[in-house]
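Read-outs: derived from the displayed coordinates by stated rules, not from any lab. What you are looking at is a predicted structure, and each value in this text was computed from that prediction instead of being measured. When we count neighbours, we look across all protein chains shown, and the Cβ atoms used for this are built from the backbone with ideal geometry, even at glycine.
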Amino acid sequence: MVDKIETPELTGEIKIPKIEPGATSHYRPNQASEKHNNNLGFPGTRVENWQEKSIEKMDDLLSKYKSLLVYLDSCVRCGSCADKCHYFLGTKDPNNMPVARQELMRKVYRKNFTVGGSLFPVLSGAEDLTEDVMTEWYSYFHQCSQCRRCSVYCPYGIDTAEISMAAREIMDTAGIGQKYCNEILGKVMDVGNNLGLTKPALANTLEFLEEDVEEETGVPVKFPLDQEGADVLLIAPSADFFSTPHIEGFMGYAKVFHEAGISWTVSSYASEFANFGMFIGNYETMQKVATRIKDAARELKVKRVIVGECGHAWRVAYSFWNTLIGPFDFLDKKYKNPTHICEFTLELLDRDAIKVDLTANDNRVVTFHDSCNVSRGSRMGDSSGGQFEIPRKLIKKVCGNFVEMDSETIRELTFCCGGGGGLLTDELIELRVQGALPRAEALHEVMKERGVNTMAMICAICKAQFTKVLPSYGIDMEVVASLHQLVSDAIVLKGKVGV
């Protein structure tokens with residue numbers, strides 16, 4: 001449990017709170033060091049003419065992305081989004097209402113890019129980008145996990161995530177970067193994963209996993225590294241290599257490949273699926289991270305790319321890869337590239353290419369947490385809504401007891417875990433706990449009423465966030481599970497001990 005953070009007693013009901021202005025104005029992440037910023041091509045520290053540089057960058061973004069211009073011009077403050085953000089519901093701070101968070105940028109936009117704002121700033125709600133305004137930007141644009149739930153309810157389709165991404169890129173350009181994201185991106189550029197794992201360390205980790213699975217099952221399941229000519233290049237979030245319940249899901253991937261007789265490999269050059277370039281709104285950085293994956297696939301001469309359980313990374317792969325680093329015309333054209341591991345495993349099960357023992361998960365009553373970037377920023381499979389149906393079908397293939405949470409909290413209306421968008425950092429732990437409140441309430445309800453004891457998910461950030469913060473609400477971290485952890489427990493391996 002996280003110490004000294006007060007949380008309300010869960011009732012199963014998600015309530016709209018009374019507002020507390022400024023309640024979280026003191027929340028802000030640590031700033032990036034000069035080295036972290038320079039590694040990404042940003043000024044090492046805040047530049048002297050930071051206001052001028054910020055407005056120049058805003059002008060550049062407005063000219064590049066017409067959607068941003070439309071979003072800043074079209075809001076009528078109708079309030080449809082006001083109570084839809086998990087951070088507002090958890091913190092009570094009105095600046096965490098999406099409309100209010102957007103207004104932090106919109107007032108600067110009006111002052112510098114509209115006639116009314118320039119001539120009549122008071123009447124137009126326009127302001128200069130002052131020191132105080134930039135302090136608000138750094139605080140509240142890092143209290144947005146870019147989950148896009150508010151956009152579902154907006155009658156104009158305004159995407160707060162894109163506004164937050166733009167604000168962060170403007171701040172980075174002025175030398176006001178966030179440590180967590182920029183440090184991680186530097187590690188990816190350097191060694192290919194968020195953790196900074198070198199090739200020997202990664203090789204040792206995979207060797208340990210081979211020993212662990214063989215000890216458990218009696219079957220020599222291999223975890224190959226840099227195997228040229230393998231059928232599949234697997235790209236996974238780096239948490240899959242070291243942390244529970246991520247690592248159990250990674251073991252599930254390996255067992256699926258083994259039992260289906262499909263050769264696969266991890267790349268030491270590009271072992272990382274996550275792409276924090278999206279969190280800081282910088283497409284150039286996003287492209288550099290993604291290019292490592294394409295280069296690894298080409299160098300290892302694989303036939304296809306299959307990606308693991310990571311929410312925002314799947315959004316980047318599904319929605320951005322083709323534009324950023326495509327085409328993938330050097331891969332085998334009979335396969336869809338990239339393919340999500342859930343699609344891959346379900347297809348094998350549907351054609352009986354692998355076997356499972358459904359009773360192996362009889363101790364579980366499972367619900368599913370829809371990760372926000374999968375739900376609202378991508379798709380899966382060949383039909384609309386596949387990102388919702390495929391994970392659920394897969395769960396039902398390996399577990400006989402499945403329960404849905406409240407319909408207002410799942411699928412495209414799902415609540416964010418509270419740790420996404422580059423906010424999974426210790427100095428924001430209080431915000432993360434508060435942001436998890438809506439999901440904790442929905443989970444508590446099905447635990448109490450339906451006996452749920454497992455919440456499966458397909459996002460590395462969700463797993464890391466929930467295992468950390470749910471104990472603050474009296475929910476054991478062991479409730480959190482990788483979807484492929486359930487697959488791992490149920491799959492029948494030839495020669496498995498006891499079979």
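Brief remarks on what is shown
- Only one of (1) 53, 25, 21; (2) 59, 22, 20; (3) 39, 27, 19 was calculated from the structure for semi-axes √(5λ) of the Cα gyration tensor in Å, and its label is (3).
- Gain on full extension, evaluated as 0.36 nm per residue between LYS396 and GLU6 minus their Cα-Cα distance, stands at 136.7 nm.
- Sorted by Cβ neighbour density within 10 Å, fewest at the top, the residues MET477, MET286, MET165: MET477, MET286, MET165
- Inter-label distance, SER118 to GLU427: 3.7 nm, where each label sits 7 Å from its Cα along the C-beta direction.
- Options ASN96, ILE280, PRO155, ranked by Cα towards positive dipole end of the chain, top entry (Cβ charges): PRO155
- Packing here is the average count of other Cβ atoms within 10 Å per residue, and on that basis the peptides 384-390, 7-13, 198-204, highest first, run 384-390, 198-204, 7-13.
- Restriction of the GluC sites (Glu not before Pro) in region 102-180 to DSSP coil positions whose beta-carbon has at most 10 other beta-carbons within 10 angstrom yields no sites.
- Relative contact order of region 34-183: 34 percent, from C-alpha pairs under 8 Å at least 6 residues apart in sequence.
- For the chain: relative contact order, % (alpha-carbon pairs under 8 angstrom, 6 or more apart): 20 percent
- Nearest 10 degrees, 0 to 90: helix 341-350 Cα axis against the chain principal axis: 40 degrees
- As a rough footprinting exposure proxy, the listed residues CYS81, CYS310 were ranked by other beta carbons within 10 Å of their own, and the order from fewest upward is CYS81, CYS310.
- The label-point distance for GLU210 and LYS448, in a model that sets each label 7 Å from Cα toward Cβ, rounds to 5.0 nm.
- With pairing defined as another cysteine C-beta under 4.7 Å, the cysteines of the chain that fail it are CYS75, CYS78, CYS85, CYS144, CYS154, CYS181, CYS310, CYS342, CYS399.
- One decimal place: the segment GLU284-ALA203 gains 26.2 nm when fully extended, by the rule 0.36 nm per residue minus the C-alpha distance.
- For region 34-183, dividing the convex hull volume of the Cα atoms by the residue count gives 111 Å³ per residue.
- Using C-alpha pairs under 8 Å with a sequence gap of at least 6, the mean separation divided by the residue count of region 77-164 gives a relative contact order of 29 percent.
- Förster radius 22 Å - calculated FRET efficiency between ASP350 and SER384, Cβ distance, rounded to 0.05: 0.70
- Cβ-Cβ distance of LYS333 and LEU225, R₀ of 30 Å, FRET efficiency by 1/(1 + (r/R0)^6): the value works out to about 0.65.
- Label-point separation, LYS66 to GLU131 (7 Å along Cα→Cβ), nm: 4.1 nm
- In a reduced charge model with +1 at each Lys and Arg Cβ and -1 at each Asp and Glu Cβ, the chain shows a dipole moment near 1100 debye about its Cα centre.
- Remark: the PHE242-VAL152 segment gains 28.9 nm on full extension, using 0.36 nm per residue and subtracting the alpha carbon distance.
- Counted by neighbouring Cβ atoms within 10 Å, the residues THR425, THR285 run from fewest to most as THR425, THR285.
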